[in-house]
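Colleague: Submitted below is the structure of interest, expressed as C-alpha cells.
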Amino acid sequence: MVCLAVQRRVRDLLNAKNIDFEELDGADQNFLEERNALFALSKQRGKYPQVFIVDEDGKKTFVGLWE
C-alpha cells in the first residue's frame with residue numbers, strides 16, 4: 001500500500017506543477033519490453049515509482065525514485 005500512496009503523491013505533484021506525464025504499468029505484460037529497458041536504464045529493478053524524462057528525440061533519462 002505504501003507504494004500506491006507514493007505513486008499517487010508523484011502523480012499529484014506532477015499535476016500540480018502542470019507537467020505532462022505518462023504512466024507505465026510495470027505489471028502489464030504489454031509493457032514488459034519497455035519496463036525492462038527502463039529498469040536497465042535506472043539500474044533500479046522493481047522499485048517504484050521511477051521518474052524518467054523523454055526528450056524531443058525520444059531519448060529517456062532516469063531522474064530518480066521518489067526519495
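Colleague: Straight-line reach only, C-alpha to C-alpha below 19 angstrom: list the aspartates and glutamates that K59 could link to, leaving out same-chain residues fewer than 8 apart.
Modeller: The reachable aspartates and glutamates, counting only those whose Cα sits under 19 Å from K59, are D20, E22, E23, E33, E34.
Colleague: Give me the 1.4 Å probe accessible area per residue for region 1-56, excluding ligands and nucleic acids, in Å².
Modeller: On the way: 4610 Å² over 56 residues.
Here the per-residue accessible area is 82 Å².
Colleague: Further question on the same structure: With labels modelled as points extended 7 Å from the Cα through the Cβ direction, what inter-label distance (nm, one decimal) is found for E67 paired with Q7?
Modeller: Calculated label separation equals 2.0 nm.
Colleague: For Rg and Dmax of the Cα atoms in Å, one of (1) 12.5, 39; (2) 10.7, 28; (3) 12.0, 36 was computed from the structure I shared and the rest are decoys. Which label?
Modeller: Label of the calculated value: (3).
Colleague: Amide H of F52: which non-local residues (sequence gap of 5 or more, or other chain) have their own amide H closer than 5 Å, using H built in the peptide plane?
Modeller: The answer is V63.
Colleague: Further, regarding this structure: Using the crude model of +1 on Lys and Arg Cβ and -1 on Asp and Glu Cβ, and no other charge, please compute the dipole size for the chain relative to its Cα centre, in debye to 20.
Modeller: 400
Colleague: Taking all protein chains in place and a 1.4 Å probe, what share, in percent, of the accessible surface of the chain do carbon and sulfur account for?
Modeller: Numbers: 2860 of 5540 Å².
Carbon with sulfur: 52 percent of the solvent-accessible area.
The values are calculated or read from the model by the stated rules, or taken from the named source; none is laboratory data. From a predicted model like this one, the values you see are computed outputs, not experimental measurements. Reconstructed Cβ throughout: ideal geometry from the backbone, glycine too, with neighbour counts over all protein chains shown. Heavy atoms of the whole protein, side chains included, go into the accessibility calculation; ligands, DNA and RNA do not. Shrake-Rupley method; radii C 1.70, N 1.55, O 1.52, S 1.80 Å.
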